[in-house]
Amino acid sequence: MTQRIAIQGIKGSNHHKVVCDFISTKAEIKACMSFNNLVKAIITNQVDYGIMAIENSIAGSILPNYKLISDHDLNITAEYYLDIKHNLAALEGQKLDEIKTVNSHQMAFLQCGDFLYQQKHLKLVEDVDTALPAQIIAEKQISHVAAIVPDGTAELFGLEVLKSHIQDNDLNSTRFVKVERNSQILPNQSADKASIRFELAHEPGSLFKVLALLQEYNVNMTKIQSIPTAHSKWNYAFYIDLIFLPEIDIKKLMKTLKSITHHFKLLGIYKQAQK
Ligand SMILES: O=C(O)C(=O)C[C@]1(C(=O)O)C=C[C@@H](O)C=C1
């Protein structure tokens with residue numbers, strides 16, 4: 001059966017690349033114009049699941065997406081790492097010094113900070129993704145405006161690349177997660193990574209106790225992110241990703257973590273992806 005997948009952005013965006021490179025070129029894509037709309041598509045069953053960018057190696061975490069996953073009780077069931085290249089694209093024949101405005105996704109601007117800092121004449125205008133601005137420039141034949149697009153997207157819309165690979169470095173990579181509702185969260189045989197969320201009492205050693213427990217289980221923590229919770233002032237939610245060995249009792253570890261934290265949530269157990 002054809003998979004129905006919600007993504008942020010349109011064909012030619014990095015979300016679209018993730019689906020084509022790692023999942024299927026035949027999926028039925030629901031292009032969403034915001035991460036909120038992507039979640040809405042999942043929770044209203046318009047799609048089977050969504051693909052959501054969660055963090056980038058240059059620009060950092062997309063904090064609102066952690067909250068979206070937790071607030072809507074979504075489960076993370078897979079992850080994907082995509083190498084990200086950014087290119088400045090415009091109508092054929094345009095020169096860099098003729099460009100006045102650059103349109104793209106906010107995360108793309110953050111990943112091209114060094115280049116954009118040098119180009120002080122450029123006005124940056126945020127858009128929903130890295131593909132839609134290119135489509136609009138091409139369709140409406142807009143001069144003096146460029147888009148920051150992934151490899152292949154300028155060609156897709158008939159634009160010319162004025163400057164290629166303008167991201168701050170070549171190690172640039174974005175981690176995406178597969179998010180779905182009501183999925184079976186019990187670990188399968190190959191699962192070796194878990195994402196959890198919890199809150200802690202403002203007490204000396206409360207985070208230390210969690211970390212000590214992870215050490216006891218020989219667990220490798222790959223990420224820790226704290227985000228202020230809105231429901232109580234200056235209290236924090238901790239989001240942790242961890243890699244575990246097949247021999248550990250993961251259910252017991254989760255149960256113990258729940259008992260020493262507040263508002264514990266297991267966001268997902270899945271197989272770690274290749275970086
Ligand atoms: O605009 C796109 O190409 C997207 O898929 C969005 C997005 C993001 O949200 O981080 C994805 C990967 C890149 O890091 C830049 C933008």
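In the stretch 214-259, which trypsin sites (Lys or Arg not before Pro) are in a loop and have at most 11 other Cβ atoms within 10 Å, using DSSP for the loop call?
Details: sites: 223, 233, 251, 252, 255, 258; in loops: 233.
In loop regions of the stretch 214-259 (DSSP not H, G, I, E or B), the sparsely surrounded trypsin sites (Lys or Arg not before Pro) are 233.
Give the shape of the stretch 1-83 as rounded, prolate or oblate, defined through the alpha-carbon gyration tensor: a ≥ b ≥ c are the square roots of its eigenvalues, a/c under 1.5 means rounded, and otherwise the shape is prolate if a/b is larger than b/c and oblate if not. Oblate.
Charge dipole (Cα centre; +1 on Lys/Arg Cβ, -1 on Asp/Glu Cβ; no other charges) of the stretch 87-163 amounts to roughly 300 debye. Looking at the stretch 59-150, the trypsin sites (Lys or Arg not before Pro) that sit in a DSSP loop and have at most 13 other Cβ atoms within 10 Å of their own Cβ are 95, 100, 120.
Summing Cβ point charges (Lys, Arg +1; Asp, Glu -1) relative to the Cα centre of the stretch 1-117 gives a dipole of roughly 300 debye.
Taking the chain as a Gaussian network of alpha-carbon nodes connected by springs under 10 Å, the highest mean-square fluctuation of the residues 60, 50, 12 belongs to 60.
Of the GluC sites (Glu not before Pro) found in the stretch 1-97, the ones in coil according to DSSP and having at most 16 other Cβ atoms within 10 Å of their Cβ are 92.
Treating r as the C-beta distance of residue 224 and residue 120 and R0 as 45 Å, the FRET efficiency rounds to 0.80. Here the gap between residue 28 and residue 173, fully extended at 0.36 nm per residue and compared with their Cα-Cα distance, gives a gain of 49.7 nm. Comparing 31, 173, 121 along the charge dipole axis of the chain, the residue lying farthest to the positive side is 31, per the Cβ-charge model.
Only Lys, Arg, Asp and Glu carry charge here, each on its Cβ (+1 for the first two, -1 for the last two); on that basis the chain has a dipole of about 720 debye about its Cα centre. Based on C-alpha pairs under 8 angstrom that are at least 6 apart in sequence, the chain has a relative contact order of 23 percent. For the set 38, 156, solvent exposure ranked by accessible area (probe 1.4 Å, protein chains only) runs largest to smallest as 156, 38. Compared with the alpha-carbon gap, the fully stretched path from residue 46 to residue 259 is longer by 73.1 nm at 0.36 nm per residue. For the stretch 87-163, the Stokes-Einstein estimate of translational diffusion at 37 °C and a viscosity of 0.692 mPa s comes to 276 µm²/s, using the Kirkwood hydrodynamic radius over alpha-carbon pairs.
If you take the charge dipole of the chain about its Cα centre, with +1 on Lys and Arg Cβ and -1 on Asp and Glu Cβ, which of 228, 81, 110 is farthest toward its positive end? Of the listed residues, the answer is 228.
Using a cutoff of 8 angstrom between alpha carbon atoms and counting only pairs six or more residues apart, the relative contact order for the stretch 87-163 works out to 52 percent. Ordered by 1.4 Å accessible area with all protein chains kept, 7, 269 run largest first as 269, 7. Using a probe of 1.4 angstrom, how much of the accessible area of the stretch 193-270 is carbon and sulfur, in percent? Reported share for carbon and sulfur atoms: 57 percent.
So which of 67/163; 30/252; 11/123; 85/123; 40/265; 40/95 end up more than 29 Å apart by C-alpha? Don't skip to the answer; put the middle values down first.
Values: 67/163 36 Å; 30/252 38 Å; 11/123 25 Å; 85/123 21 Å; 40/265 21 Å; 40/95 41 Å.
Listed pairs above 29 Å: 67/163; 30/252; 40/95.
Using equal-weight Cα scatterers in the Debye expression, the normalised intensity of the stretch 52-132 in log10 at q = 0.11, 0.21 Å⁻¹ is -0.39, -1.07. When the C-alpha to C-alpha distance is required to be over 21 Å, the pairs from 251/271; 209/255; 255/275 that qualify are 255/275. Working note: 222 nm ellipticity from helices only, DSSP H runs with n ≥ 4, each -39,500 (n - 2.57), summed and divided by the residues of the chain, gives -6500 deg cm²/dmol to the nearest 500.
Let me have the relative contact order for the stretch 28-157, percent, based on Cα pairs under 8 Å that are six or more residues apart.
26
The values are calculated or read from the model by the stated rules, or taken from the named source; none is laboratory data. Since the structure is predicted, the reported quantities are computational estimates derived from the model, not experimental observations. Positions of Cβ are generated from backbone atoms using ideal geometry, with glycine treated the same way; all protein chains shown enter the neighbour counts. Heavy atoms of the whole protein, side chains included, go into the accessibility calculation; ligands, DNA and RNA do not. Shrake-Rupley method; radii C 1.70, N 1.55, O 1.52, S 1.80 Å.
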